[in-house]
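Here is the structure we will look at, set down as structure tokens.
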Amino acid sequence: MSILVDENTRLIVQGITGREGAFHTEQMLAYHTRVAAGVTPGKGGRRVHGVPVFNTVREAAEATGANASIAFVPARFTAESVYEAMDADLPLVLAVAEHVPVMDMMGVHHAARKRNCRVIGPNSFGVISPGKAKAGFMAHRIFAPGRVGIMSRSATNCYETVYLLTREGIGQSTCVGNGGDAIPGSAFVDILPLFAADPGTEIIVIIGEIGGGEEELAAAYIKERVEKPVIALVAGRNSPRGRSMGHAGAIIGADGGGSAERKEEALREAGVHIAESAADIVKIAKRLGA
Amino acid sequence: MDLMEYKAREYFEAFGIPGPKGFVVGDLAELEGKVIDYPCMVKAQAPVGGRGKAGGIRPAGDAAELRAACRAILGMDIKGRKVKKALITAQVRPAREWYLAIALDRAAKTPLVIFSPAGGMEIEEAARTQPGTIVKLNLDPVFGLRSYAATYLLSKAGIDPKYAPQFRDLLGRLHRLFHEGDCLLAEINPLAVAGDGTLQALDAKVTVDDSALYRHPELLAFRDEVEDNPLVAEGRKAGVLFIPCDPAGTVTVISNGSGMIMSSIDVLAKNGLAVGAALDLGGGATAGRVGETVRIALSDPGAKAVFINIFGGITRCDEVAAGVGDFMDRHGTGKPVVVRFEGTNKEKGVEILNSLNRDNVVFVDGLYEGVEALAKGRGAP
């Protein structure tokens, strides 16, 4: 089993005629993802790698019965694309672009909740359920099917972890890129219930980092509701205060808010196993019987 | 990005938030011909806080005092930043001082209005000493700001309803500024209250979302003006993010993602190596960009060694290696360059690095091996 994305996902690619959209459509098809349709305004009627292109998400969804969408569009068009997909009643919408304005995402986040839509990203590599399907741009060769569920604010830290896990013969049920922005469409606490309920996930890995309070919220949820073992890595313990470390969301406040120490403390208190590095995650996973 | 007060005041003015008249000078000559109402205030413009304590805010009763204050403030050093501009405003002696701000609430993912009748001091200080005086209200972005918000804030704070019309108007303007200005913070502290209900912003604090700067092109020039680290600007030109870290650090980290940079710094720090700066290549870097990044990294006088740590997904390891080789051919360095990569085209990359035949360029197969190499011979084999 897996969460969010699998062989039943029928995906729309928004921005499919763009360079990134076209390239990753090909990659997703190569991974046997069912890419049902593409959308680029004004380019309806074309095909990209055999996938039919529509002018709007609504038309694409009506014609193909698609049930998810991913926006391969620049940051300044991302909110508009996500609204369009939400307005077409798609239950799952992903966005990959980095540097989407906070103001845009605040609106998207709350609109999504009112429309019962799950938004993943932005600034996210997407979601992959190894061996089944992927919606995103992750280099899929390093992933292997298995029973570790991963969610991460960082693409590179997730890749490194997955690479080391796979090398040790430990596969993954689903890997979710929550994204590195200050306002994610879905935070750890939004994805946790899915992993907790998924019979195919035995160990949950959280790859967090400094900034915000998503790790603390996850810790509170885990303490009350999650029985499965959870491993967490919080990157950025030694980053300078008051400076964004590349990810817009990765910043320790001048008062020390959002520090790795506070997050680790909350997670540890919730019974989560704290890892100090990607290699450490693998060690702990092995110890837990993965 | 934090705006300095004079820049934030321009925002306030554009959205019709009332405040005392003022102007900004870069040197004494710019005082010539200005009409000034005495007494006035002279306020240092610096991209850091704590200017009051540093003597950066001074009253002036006449022209001589004004010149003396400007002379003292212009060029002064506040927390390592040189003051290049001074703001001169009329002096206002308010009957009372309130606090009003709209800030991003990351946890709730909404704007948060913060209001307190105990203004003037730092709000953190007020929260500690007089917690009962602070009223907060989250604004659902789908609803926006409605008129009942102002009513609620005043009622909850126990303020005379006679202030409501002015306050509602001011809150509306601040909210428009916050929203249209793509702010993470828009703060008025103190908000001066005259007996007749007239409200005036005596200070202006605005933080703008860096991701939204494309909607505010006028701020791009300001950003370059504020940035006093030339390597940040150089990195920007090369499409690379330069992040200054520990001023005492000697290792410079180059990586292809924010998460990887933070992890690298953590692993190095755990082994007693402090990182002075980090550079983020982003995804899919070419040999050209890698070479330029290494050049920028080594032009930092504090850099005694470079640690390149890459997980190659979209970024190819052979491009990274070629970039290092390119840099060595063009510029060269005797400083240790320790390279660790994993992923796409790793073998080809290792071959390229080995063929460079440079003692100070070392490939390591793993993060910990890299730390060891840096810690031991500072990278030398």
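The values are calculated or read from the model by the stated rules, or taken from the named source; none is laboratory data. Being a predicted model, the structure only gives us computed values, none of them experimental. Backbone-built Cβ (ideal geometry, glycine too); neighbour counts: all protein chains shown.
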message = Tell me yes or no: at least one residue of the range B:262-284 is of a type in the set (D, E, K, R), surrounded by fewer than 17 Cβ atoms within 10 Å (Cβ to Cβ), out of contact with any Lys or Arg (no Cβ under 6 Å at 6 or more places or on another chain) and assigned by TED's automatic domain parsing to the domain that holds B:Val364.
response = yes
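Matching residues to (1) in contact with a helix residue (DSSP H, G or I) (Cβ under 7 Å, 6 or more places away or on another chain); (2) facing chain B (nearest Cβ under 10 Å):
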{"residue": "A:Asp89", "(1), (2)": "no, no"}
{"residue": "A:Asp104", "(1), (2)": "yes, yes"}
{"residue": "A:Val108", "(1), (2)": "yes, yes"}
{"residue": "A:Arg113", "(1), (2)": "no, yes"}
{"residue": "A:Gly121", "(1), (2)": "no, no"}
{"residue": "A:Pro130", "(1), (2)": "no, no"}
{"residue": "A:Asn157", "(1), (2)": "yes, yes"}
{"residue": "A:Gly169", "(1), (2)": "no, no"}
{"residue": "A:Cys175", "(1), (2)": "yes, no"}
note = Note: among A:Val57, A:Val13, A:Val53, just one is under 18 Å from the mean Cα position of the chain (by Cα) and at pLDDT 95 or above, namely A:Val13
key: Wholly within the range B:285-381, helices (runs of 4 or more DSSP H) carrying at least 3 residues that are within 22 Å of B:Lys237 (Cβ to Cβ)   = B:287-298, B:317-330
key: Residue satisfying condition, being under 22 Å from the mean Cα position of the chain (by Cα), crowded, with 17+ Cβ neighbours inside 10 Å, at pLDDT below 95 and hydrophobic (A, V, I, L, M, F, W, C), within set B:Val253, B:Val206, B:Val240   = B:Val240
Residue selected from the range A:66-118 under the condition of a type in the set (Asp, Glu) and closer than 27 Å to B:Gly282 by Cα, by the criterion modelled with the lowest pLDDT = A:Glu98
query = Looking at B:Arg176, B:Arg96, B:Arg106, B:Arg71, which is the one that is basic (Lys, Arg), over 30 Å from B:Leu28 (Cα atoms) and in contact with a helix residue (DSSP H, G or I) (Cβ under 9 Å, 6 or more places away or on another chain)?
reply = B:Arg106
inquiry  = If I go through the range B:84-98 residue by residue, how many of them are crowded, with 21+ Cβ neighbours inside 10 Å and over 15 Å from B:Gly19 (Cβ atoms)?
reply    = 1
inquiry  = Can you tell me which of (1) touching a residue at least 60 places away in the same chain (Cβ under 8 Å); (2) surrounded by 19 or more Cβ atoms within 10 Å (Cβ to Cβ) is the one B:Gly195 doesn't meet?
reply    = (2)
ask   = Which pairs have Cβ atoms under 9 Å, sit 6 or more apart or on different chains, and link a residue in the range B:338-351 that is away from chain A (no Cβ under 14 Å) to one that is among the aromatic types (Phe, Trp, Tyr)?
value = B:Val338/B:Phe307; B:Val338/B:Phe363; B:Val339/B:Phe307; B:Val339/B:Phe363; B:Gly349/B:Phe341; B:Gly349/B:Phe363; B:Val350/B:Phe341; B:Val350/B:Phe363
ask   = Of the residues that make up the range A:274-282, is at least one within 14 Å of chain B (Cβ to nearest Cβ), acidic (Asp, Glu), within 30 Å of B:Met1 (Cβ to Cβ) and more than 16 Å from the chain's Cα centre (by Cα)?
value = no
task = At least 3 residues that are in contact (Cβ under 8 Å) with a residue 60 or more places away in the chain in each: list the helices (runs of 4 or more DSSP H) lying fully within the range A:1-87 that qualify.
result = A:19-30, A:75-87
